Amino acid sequence: MDNFHRDTWAEIDLDAIYDNVANLRRFLPDGTQVMAVVKANAYGHGDAQVATTALEAGASYLAVAILDEALALRQKGINAPILVLGASRPADVELAARHRITLTVFRADWLEEAASIYNGSIPVHLHLKMDTGMGRLGVKDEEETKRITTLIDRHPSFILEGVYTHFATADEVNTDYLSYQYRRFLHMLEWLPSRPPIVHCANSATVLRFPERAFNMARFGISMYGLAPSPSIKPLLPYELKEAFSLHSRLVHVKRLQPGEKVSYGATYTAQEEEWIGTLPIGYADGWLRRLQHFHVLVNGQKAPIVGRICMDQCMIRLPEPLPIGTKVTLIGRQGDEFISVDDVARYLETINYEVPCTISYRVPRIFFRNKRIMEVRNAVCHG
Ligand SMILES: *Cc1c(COP(=O)(O)O)cnc(C)c1O
C-alpha cells in the first residue's frame, strides 16, 4: 500500500469474480459463450483486473460502452476480442480496426460514412444492434437492416461478426415484455441473409433466468460482480452469487462530546449524552454521498450510525465506545456477523446496486485479491 496515502480503500475480490464466471459457464448450455461486460471501469471494480480474471475463468469476449474503454484495455495488454456496445464515430473506424476492436452498427448512414472514410485492409468486425423494444440503439425496420448488410457485404474489410439486441425488463418478475422482445428478435433475425457467427441478447437477468434464450453468447455484467440484477428477481436466481466489492476506512480522530455539542456542517447533529464520535477520511467526493447521512457503517463488528452531514472528504460516526485511532471501519462488506451489502446501500439511496460501485470515485484506491492474497494495489488517481 505504498502508492496511496490515506486509509480509505475498496477491496476487489477477484476470486469471487472468477467463481461467478466459472459458475455461469457450468450453468450455460454447451456452446454458449460468456462476454464479460467491463464497461465503466468494470462497474467501478477495475477494468483490466476484472477482464483478466473473467478471461481466466472462461469468458471469451469482453464488452465496454465506449471506444476509449476498449483502447484502455488494449493499452493494459488485454488481447481478447472487445465489443463496443455504444455508438462510435465513423472517423474512428480505422482506430478500432488497428486495435482489433469490434464496433456496434445500427444506422445505414453511419456505415456509408464509415465506408467512405475507411479504405484500409485491416478487417473491421461489426455487430449489428437491433432495437426490439428498448428504444435506445438499434435498427428497427427491415429496409434499413438490408441496406446495412448490403453495405457490409460490399466493403472488402467490413465483417458482420455478430447481431444482438438488449432487453428492457429482464430484471422484472413479469416476463410479458421480455417475451415480446425475444419474439421480435427472432422475427428480425429473419431479415438477415444469413445469421452471423455470434448472436446475443441476454444480460445477467436474462441468462440466469432463461439460459436457453441466450443464443450462443451471454453478456454478463452485474452478476459477474456478484450482484442480483434487481431485488425482485434475487429469489429467482438459480445459484448463489459472490459479492466482489467492499469498502473500508480507518478512524483518524476520536473524541468525546458533551451533551449539546454539535457535529458537522449545519450543526444538524447534537449529542444527547456523553458520546464518542469518530471521524472517517471518506466523503462525497469519494462517492460516499450526502444522502447516506443517518445510514450506518461497521466498526468492531457492530453498526455505528453516520451522524451529521457528510462532507466532501470526511464524515463522522457515533462509536459504541472509545476506540483507538486506526481502527478499521467497513462501509460496504462484512465485519463478524454483520454485513452491509451493496444492495443495502442502494436501497438506502433509493437507487439500483449498479450505481453504487460505479459511484465510488477515482480517489478511492482498489486493492485486488486473487487466491485470497493481495495481488495488486491500484492507486486510481494515477491510472489512466
Ligand atoms: C451494460 C449492458 C449489459 C450488462 O447488463 P447486466 O444487467 O449488468 O448484466 C448488457 N448489454 C448491454 C447492451 C449493456 O449496455
| query | Just a yes or no: is a residue in the stretch 140-156 modelled with pLDDT of 95 or more, hydrophobic (A, V, I, L, M, F, W, C), assigned by TED's automatic domain parsing to the domain that holds T206 and within 15 Å of the ligand (Cβ to nearest atom)? | reply | no
| query | Across the stretch 194-209, which residue is nearest to the chain's Cα centre (by Cα) among those that are more than 14 Å from the ligand (Cβ to nearest atom) and either over 27 Å from I152 (Cβ atoms) or open to solvent by 20 Å² or more (accessible area, probe 1.4 Å) (or both)? | reply | P197
| query | Given the conditions (1) out of contact with any Phe, Trp or Tyr (no Cβ under 8 Å at 6 or more places or on another chain); (2) within 14 Å of the ligand (Cβ to nearest atom), and given that G260 satisfies all but one, which numbered condition is not satisfied? | reply | (2)
| field | Residue count, the stretch 88-102 (criterion: within 16 Å of the ligand (Cβ to nearest atom) and either in a helix (DSSP H, G or I) or of a type in the set (G, A, S) (or both)) | value | 1
| request: Could you check, for the stretch 249-256, whether at least one of its residues is out of contact with any Pro (no Cβ under 8 Å at 6 or more places or on another chain) and away from the ligand (no atom under 14 Å from the Cβ)? | output: yes
| request: Go through the stretch 38-87 and give me each residue that's open to solvent by 10 Å² or more (accessible area, probe 1.4 Å), β-branched (V, I, T) and within 13 Å of the ligand (Cβ to nearest atom). | output: I66
| Pairs where the first residue, in the stretch 331-349, is closer than 15 Å to A304 by Cβ and open to solvent by 30 Å² or more (accessible area, probe 1.4 Å) and the second is modelled with pLDDT under 95 and assigned to a strand (DSSP E or B), C-beta under 8 Å, 6+ apart | none
| task | From K140, K129, K146, grab the single residue that is of a type in the set (K, R) and open to solvent by less than 60 Å² (accessible area, probe 1.4 Å). | result | K129
| field | Condition check for L24: over 24 Å from T359 (Cβ atoms) and surrounded by 23 or more Cβ atoms within 10 Å (Cβ to Cβ) | value | yes
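Before we move on, is E69 touching an Asp or Glu at 6+ places or on another chain (Cβ under 8 Å) and of a type in the set (D, E)?
It is true that E69 is touching an Asp or Glu at 6+ places or on another chain (Cβ under 8 Å) and of a type in the set (D, E).
The values are calculated or read from the model by the stated rules, or taken from the named source; none is laboratory data. As the structure is a prediction and not an experimental result, all values here were calculated from the model. Because the Cβ atoms are built from the backbone with ideal geometry, glycine has one as well, and the counts that use them run over all protein chains shown. Accessible surface is based on the protein model in full, side chains and every heavy atom, while ligands, DNA and RNA are left aside. Shrake-Rupley method; radii C 1.70, N 1.55, O 1.52, S 1.80 Å.
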